[in-house]
Structures are given as structure tokens and as C-alpha cells.
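Single-structure report; data block below.
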Amino acid sequence: MFDSLLVANRGEIARRVIRTARRLGVRAIAVHSEADADLPFVTEADEAVCVGPANPALSYRNVEAILDAARSTGAQAIHPGYGFLSENADFARTVERAGLVWVGPGADAITAMGDKINARNLMAAAGVPVAPGTTEPAADLDAAVTAAAEIGYPVMVKAAAGGGGMGMGVAADEAALRTEYDKVRAFAERMFGDGAVLIERYFPRVRHVEVQILGLADGRVVALGERECSVQRRNQKLVEESPSPAVSAELRARFLAAAVRAGEAVGYRNAGTVECLLDPTTQEFFFLEMNTRLQVEHPVTEYVYGVDLVEEQLRVAAGLPPTFDPDALTPRGHAIELRINAEDPKRFLPGPGAITTWNEPSGTGVRVDSGYVAGNTVTPFYDSLLAKLIVSGDTREEAVERARAAVAQFEVAGPKCNLPFFAELLENPEFRSGDYDTGIVSRMR
């Protein structure tokens, strides 16, 4: 194991990685922007370096500043967290060229999975089910219209280089497609520097289920169960749980086998997630994308499988075997994660501000991974995530009840907060039954 680790991220995920690094006796180094100087992850690190102003392009995405920080502190490895540079293949290559250990999949795997069209084609060749869609970018509007007619409406219009639920639009007919195509293409060019667009079948009633994979140092790829991620707003997740209440033992076996094939197809190493869409009526599932990094929702898998996924990431990066027996993975109980965001609970619009009250819940089966404490200020420069509330129980029913109690105990004042939404969700009959889909939030509004 290397003896020093620079965490190229901020907030709760930086704090989370630092916690495991320090437990393992690895010196933890934080980088931060000027706006984040007072946040807990900075003070909890063994060493911290300011890498620039609030603008993430000048700080958390500033490759040279991060590498300078690594050199000046003697860091041996870099963990990118999620977001920012975590799925940037050029950054991964640059880190390794600098003689540092990259805690993540190889740059070639990141590149292969970073383009949704290329990823779809690779997965289809590997025998992983993919939804009907284009095998190359829709070069112009006429090509998109032709493709949609062949696939059948409604269709999803996607930025090929997008991720995290960004750069998507749904078209129910040709008129809507003409609007969505131009909108998505312009957004993709602005946000990702790549205007390539793909057209894919849209499923009006669908569940979002993903599989956690881990590519081991010896070359094997293992799957650590599935997570249900269907509670979403604007195609972005709000709640995740494991195991999925929609997945039977037979379907789980198919999901996990497909995810392992997906990882093996690109020689995957380290932690990653294979995201799929599940038709709850037919029990068919289709590959959506692979996230070549640690997911926000990784704690629910940690609870169910009894592993520390950050520790496993570090061990893979160091060439060490996992702490668990890959041939004897046994899930236990149920876990649910709620993303506590600085946003209003009705329209989900960001609401930054100074935190005047911050009281976290506690108790059996309750964990809070937070990025803030009372006295900190939530700025408008970054994602609105304040904390992740993770609860577990022997059954889903027990986990839901613990979540209700924990939400009632959680106090946040100052910025806007979506805790009232979760209080409503946890009383919702559809959610409580486990028989819900990606439209649940819109039906609640």
C-alpha cells in the first residue's frame, strides 16, 4: 500500500475517502478551492493545499494545479472521487505519466465507456442487452428523424459524451424530436465540447437498476449486487436502495452476469457501475451506461456486503487482493440512501446559504456522510449535495422505518433543504410498496 494519497475532490466524498485513508494509516492530502477553505474535509486531512479560486475550472478541474499539489506534498497516489476529473481519461494518463498511482480504472476503459454510442456497441458485442438505438451519431436532424422512425416513438435524445443524467430529452413525435435534437446538441457542445447525439428507444415506465462491479488486481471482475435508483428528478437520482425490490433471484443472476461481462469486455480494474433500465412488465433489462468511478450511492452496497469500497479501491490500485473472498460474497439485509441537497423540496431548485443549524440523526443502522457542519456556507459554485443519509435494516420495511425516524431527526437550517420531500416520499404508498418506477417523483408533484 502506498503511504500518501491526494484526494482530488471536495465535500462529502473527499471527507469519505480521507476517513478510510487515515484508518489505513495512509497520509491523506486534500486540495481545495478558496471557497471551500473552511469545510470539514480540509481540516480533517493530514495536509491541505489551495489549488485556486471558486470556479471549478480553475481549481478542482485544474490538472496542473492538482499535480503541483501532489508534487509539493509528496503524494504517491491520487483518488478522484466522483465528478470533476474522475472520468477524464487524459487526467488518468497524466497522473500515471507523472509516476503517481491512479485510483481508478485504466484510461483506455474510461475512454471506451465515456462515449455512449461506443459503449453501446461494445456492450452489444459482449452479449450485454442494449436498447434499440443508433450505432453511430445522428449526424444531423434528418438522420435523427430517420433513426427515430426506424426505432419507433417515443425516443430518448442523448448527448453521446454526457453523463450524470445531463444532456437528455424525450420526444414523443417528430415535432418534439426536432426541438429536442437541437436543444441536446447545443447543450452537449457547451457542456462536453462534443455535440454528438444518439437516438434510443424511450420506455415510459421503467426502473433504473445498476450493478456495482470491482475489477480486481488479478484481472477478475466481480459484481457486488444491484442498486435500485428509480427515485429521480430531472434524470438525476435522489434515493438509492439495495437490493432492488423489483429484482428476483433469477433476474439478479442475469443482471450480475451481464455486468461482469461488461467489465471483462474492457479489461476493467477498480470500482465501477453498470447502469441498466429494467422494464418491470417484461423483466427485460438494457444497458444504459457504465460509470467508470465510485458512485455517490456506494454506501448502500457497503452496508449490504459488509465491505469498504474505498479501501477496496485503494487495494486494487496498489496491486493487493481484496479483503473479501470473491467466491463467497453474501448480501445481508437492506440499505437505503437519501441524498440531502440544498434545494427546495417542491421544484428542486438550488438554494445555497449559510448553515445556521446542522444536527445529524444517529442510532442503530444510521450513517451520515456529510460535507458540511454548522457555520459553513453552501456556495452556488458546486453541486447542491449536502450529505447522504444511509440507513440499514434486516428487511426493507425496517430500513424504511429507520429512514422515517432519521429524516425526522435531521435538522438543517439556513440554505434550502429537500428533507421535507423525503418525509413525504417515505409515507408514499407507492414507494413503501417497492413497486415504483422513474416516474414516481413527477406523480408526487
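What follows draws every value from the coordinates through simple rules; no lab data is involved. Just so you know, these numbers come straight off a predicted model, no measurement behind them. Please note: Cβ atoms are built from the backbone with ideal geometry, for glycine as well, and neighbour counts cover all protein chains shown.
Counted over segment 158-301 with a bin width of 5 Å, the fraction of Cα pairs per bin, in whole percents, is 2, 9, 18, 19, 19, 16, 10, 5, 1, 0, 0. Structure shown: which of LYS183/LYS346; LYS158/LYS237; LYS116/LYS388 lie over 22 Å apart, alpha-carbon to alpha-carbon? Pairs exceeding the cut-off: LYS183/LYS346; LYS116/LYS388. The per residue volume of the convex hull around the alpha-carbon atoms of segment 132-201 is 68 Å³.
Distance between the modelled labels on THR281 and ALA354, one decimal in nanometres: 5.4 nm (7 Å Cα→Cβ projection). Neighbours of TYR305 by Cβ distance under 12 Å: Lys/Arg scored +1, Asp/Glu scored -1, total -3.
Using the eigenvalues of the Cα gyration tensor, what equivalent ellipsoid semi-axes result for the chain when each is taken as the square root of five times the eigenvalue, whole Å, largest first?
Details: eigenvalues 191, 139, 112 Å².
Listed largest to smallest, the semi-axes of the chain are 31, 26, 24 Å.
When N is the residue count of segment 207-444, what does its C-alpha Rg come to as a fraction of 2.2 N^0.38 Å? List each step's numbers first, then the result.
Details: Rg = 17.8 Å, N = 238, 2.2 N^0.38 = 17.6 Å.
Compared with the compact-globule rule of thumb, segment 207-444 sits at 1.01.
Paramagnetic label reach from ASN55 (point 7 Å along Cα→Cβ; backbone nitrogen cut-off under 20 Å): within segment 359-384, residues 379-383. Measuring between their Cα centroids, segment 114-163 and segment 213-245 lie 23 Å from each other. When the Cα atoms of segment 189-272 are enclosed in a convex hull and the volume is divided per residue, what value in Å³ results? Normalising the Cα hull of segment 189-272 by residue number yields 151 Å³.
Calculated FRET efficiency, GLU250 and ASP38, Cβ-Cβ r, R0 60 Å, to nearest 0.05? Numbers along the way, then the final one.
Numbers: r = 51 Å, r/R0 = 0.85.
Efficiency, from the Cβ-Cβ distance: 0.70.
Under conditions of 37 °C and 0.692 mPa s, segment 172-225 yields 222 µm² s⁻¹ as its translational diffusion coefficient, taking Rh as the Kirkwood radius over Cα pairs in the Stokes-Einstein equation. Extents of segment 209-251, largest first, come to 39, 25, 12 Å (Cα atoms, principal axes, whole angstrom). In plain terms, the chain from ASN428 to GLU189 could stretch by 82.1 nm, reckoned as 0.36 nm per residue minus the Cα-Cα distance. All C-alpha pair distances within segment 4-103, sorted into 5 Å bins from zero, spread as 3, 15, 28, 29, 18, 6, 0 percent across the bins. When only alpha carbons are used to place a centre, segment 401-441 and segment 11-65 end up 30 Å from one another. Kindly state, to the nearest 0.05, the FRET efficiency for ARG23 paired with ASP182, given R0 = 35 Å and r defined as their beta-carbon distance. In this case the efficiency is close to 0.10.
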